[in-house]
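Engineer: Take this structure, written in structure tokens, and hold onto it; I'll ask about it next.
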Amino acid sequence: MKFGKDLVSGIDRRWTPWKSIDDPSPGEYVAFMDTNGFPQLRELKGSVSFLRLGPWNGITFNGMPNHGRNSILTHEFIFNDKEVFYRYALVNSSAVVSRVIVTPEGSFLRMNWINRTQEWFLYLNVYMDMCSRYGVCGPYGKCNVNNSPTCSCMEGFVPRNPDEWSASVWSSGCRRKTPLNCPNGDGFRVFKNVKVPDTRHSWYNRNMTLTECGAACERNCSCIAYSTIDITKGNGCLMWFDDLMDVRTVDDSQDLYVRMAISDLTVTSEPGSTSKRSSNKKRSTIVVVVSLSSSLVMVILILGILYAWSKKKRPLVKIPEEPVQTIDEEYSMEDQEDDTELTSFSLSKIWKYTNDFANDNKLGEGGFGPVYKGVLEDGCEIAVKRMSETSRQGILEFKNELKFIAKLQHRNLVKLLGYCIQGDESMLIYEYMPNKSLDLFIFDKIRSLKLDWSTRFDIIHGIARGLLYLHHDSRFKIVHRDLKASNILLDDEMNPKISDFGLARMFREHENEANTNNVVGTLGYISPEYAVDGTYSEKSDVFSFGVLVLEIVSGKKNRGFSHEKDSDNLLAHAWRLYEEGMTLELLSSHMRDLCVDYEVLRAIHIGLLCVQHYAKDRPTMSSVVSMFDQDGELPRPKHPAFFAEGSLPKVNPVSINDVTITTLEPR
């Protein structure tokens with residue numbers, strides 16, 4: 001029997017149990033082959049993930065221990081351009097009678113007939129312990145039924161909510177002990193014998209070796225973890241770019257390599273966990289042997305106390321004596337002779353404007369560092385971005401922002417007023433945006449009520465015009481590479497302004513795309529060709545814009561999206577509504593009676609055109625602006641990137657508690 005999906009005809013063979021032992025109508029559970037990312041066997045309870053058996057590893061499904069090797073059954077997994085399916089057969093069909101049951105409670109049972117006793121014997125129960133339940137330990141948690149407590153954080157992670165974990169409520173999962181510092185030196189910890197994480201948003205290549213896979217993951221800063229696909233041959237590459245969910249210990253399973261900060265790559269007593277440090281020159285196993293005599297410990301303690309005392313003796317605020325540097329002295333840039341004149345502020349002035357960087361003036365914090373509100377002598381309000389020591393961005397990004405913003409002037413781009421480079425301090429001074437960023441409005445239940453449809457439509461249009469200027473109308477063709485809701489600032493009249501050009505790249509006149517080994521950006525907004533191959537172009541920004549459009553219309557984040565009728569991301573949900581002729585259902589509910597249906601439908605249609613899987617299919621921003629300004633017919637979009645093609649059928653063949661397969665229609 002085949003279980004899976006025909007990719008040509010679209011036929012999806014699923015298992016659906018009865019509603020109850022005496023009610024043959026379809027129950028609330030459905031088991032299917034999920035082809036979003038690398039194929040894996042999943043089971044839903046309604047629209048919620050209930051059970052995940054994982055991907056095929058060459059022997060069995062990764063989450064089914066010891067299922068692949070037995071004397072009764074042969075297993076086969078077929079995955080090609082035409083179909084993805086699993087099937088099994090009896091080794092000797094005349095000797096053994098065997099059947100699979102999906103119970104009304106969602107358990108998979110394999111029953112064998114025993115002639116001697118004339119009874120069915122339970123041979124295998126897939127759902128047999130609490131670790132079988134999907135994501136019981138949350139993101140970066142690891143489940144082990146032999147441990148007490150059952151859930152623990154993966155090595156290098158700590159509970160996200162310690163109070164809940166102490167009460168054995170683990171669903172919030174874990175967070176990193178130490179933030180990553182890619183590409184300046186992360187490594188990988190090897191977790192042995194685990195069920196690999198949910199592969200729905202994974203990337204795979206079945207021809208790569210494990211060594212090639214590790215090198216590719218190391219180069220891509222968005223890659224969180226990697227593993228092999230086929231454990232029998234040791235080849236194939238699986239990469240994860242999102243939180244690692246639904247990991248458990250499984251005997252005789254496979255290894256998972258998880259990216260860690262170097263400081264967390266130490267020898268651990270946790271079984272099945274080793275460390276592997278990576279660098280551009282060499283990978284080596286870290287072995288830390290610590291042997292300190294008591295006298296050495298005392299010396300270190302004394303030095304530490306003296307150092308702390310000396311720190312206390314220093315003034316709380318110390319302004320460096322170094323002279324203020326100019327862009328010419330420290331940050332020379334291409335085409336500098338054409339740069340717009342910028343004001344160079346002294347550090348003492350910035351301290352004064354921000355009231356010594358008072359916490360009350362702090363507006364927020366991003367990858368660059370904290371942002372403070374300030375007031376100039378003339379009463380003009382400013383925003384000061386101060387690069388922190390722990391900034392995920394560095395001097396190159398600082399130079400980048402100076403280089404680009406100084407040259408760009410448009411009503412939908414944030415205006416740079418000046419900079420400060422003095423001593424160890426590097427700061428950028430912008431015009432102040434009283435309404436802060438777009439994400440604070442569209443994703444907040446209360447603040448979102450302030451944005452009616454007319455305002456949202458104007459914001460979408462303004463962002464489009466700002467991108468058009470970057471791509472086509474400025475003196476330089478610039479790709480932003482980090483367009484997202486938090487990088488759209490709003491002035492006092494809710495006019496949008498694109499900000500944060502630290503990751504932007506300039507293209508020469510005849511260049512259309514570029515490649516990088518250092519993939520940066522924000523998950524949920526990154527285009528597939530950039531995430532996988534490191535290829536970026538103006539079409540990468542178009543993809544991010546499309547995601548933004550759908551987020552503004554719906555009020556929902558693409559990353560982490562969930563819906564009662566399906567469990568896909570926002571792009572797939574919007575696509576399904578479009579295909580079913582229910583596009584307006586995507587609109588945030590509080591605006592449905594106060595909008596212009598034509599504008600909403602057109603905005604969603606344009607958004608779907610922008611998030612198409614292949615870059616060549618996406619429109620340019622000049623075409624996008626024309627689509628908004630004109631009333632002409634729009635081309636039909638193709639399916640979006642990261643789209644899960646599976647959908648729940650209304651009627652499906654089901655296995656009843658007999659050896660036959662029947663399509664049942666209840667009265």
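Read the figures in this text as sums done on the coordinates, not as results from a lab. What you see is a predicted model, and the numbers here were worked out from it, not measured in a lab. Positions of Cβ are backbone-derived with ideal geometry, glycine not excepted, and every protein chain shown enters the neighbour counts.
Engineer: At a 10 angstrom cut-off on C-beta neighbours, averaged per residue, how do the peptides 551-561, 146-156 rank from highest to lowest?
Structural biologist: In descending order of packing, they fall as 551-561, 146-156.
Engineer: What order, most packed first, do the peptides 189-195, 375-381 have when packing is the mean number of other Cβ atoms within 10 Å of each residue?
Structural biologist: Going by the mean number of other Cβ atoms within 10 Å, highest first, we get 189-195, 375-381.
Engineer: Tell me, what ³J(HN,Hα) does each residue in the range 3-11 have, in order and in whole Hz, if you take phi through Karplus 6.51 cos²θ - 1.76 cosθ + 1.60 with θ = phi - 60° and put x for Gly and Pro?
Structural biologist: Each residue of the range 3-11 in turn: 9, x, 10, 8, 6, 8, 7, x, 5 Hz.
Engineer: Give me P(r) over the range 114-162, computed from all C-alpha to C-alpha distances, binned every 5 Å, as integer percentages.
Structural biologist: Distribution as computed: 5, 17, 20, 16, 10, 7, 7, 6, 5, 4, 2 percent.
Engineer: Take the cross-link list Lys192/Lys233; Lys349/Lys497; Lys415/Lys477; Lys403/Lys450; Lys497/Lys616; Lys415/Lys616 and give me the ones stretching past 24 Å between alpha-carbons.
Structural biologist: On the way: Lys192/Lys233 17 Å; Lys349/Lys497 26 Å; Lys415/Lys477 18 Å; Lys403/Lys450 35 Å; Lys497/Lys616 27 Å; Lys415/Lys616 32 Å.
With Cα atoms farther than 24 Å apart: Lys349/Lys497; Lys403/Lys450; Lys497/Lys616; Lys415/Lys616.
Engineer: Average projected area of the Cα convex hull of the range 134-277, in nm²?
Structural biologist: Mean shadow area of the hull around the Cα atoms is 8.2 nm².
Engineer: Can you list the HN-Hα couplings for the range 22-34, worked out from phi with the Karplus curve (6.51, -1.76, 1.60; θ = phi - 60°), rounded to whole Hz and with x for Gly and Pro?
Structural biologist: 10, 10, x, 5, x, x, 7, 9, 8, 10, 7, 8, 7
Engineer: Ok, one more. Just want the ordering: Val136, Val519, from fewest to most Cβ atoms lying within 10 Å of their own Cβ.
Structural biologist: Placing the least packed residue first, the sequence is Val136, Val519.
Engineer: I would also like to ask the following. Residue by residue, what Karplus-based ³J(HN,Hα) values in Hz, rounded to whole numbers, does the range 471-483 have, using 6.51, -1.76 and 1.60 with θ = phi - 60° and x for Gly and Pro?
Structural biologist: 7, 10, 9, 7, 5, 10, 7, 10, 9, 6, 6, 8, 6
Engineer: Cα convex hull of the range 484-592: how many Å³ per residue? Show your work: numbers first, answer last.
Structural biologist: Working: hull volume 15.7 nm³, N = 109.
Spelled out: Cα convex hull of the range 484-592, divided by residues, is 144 Å³.
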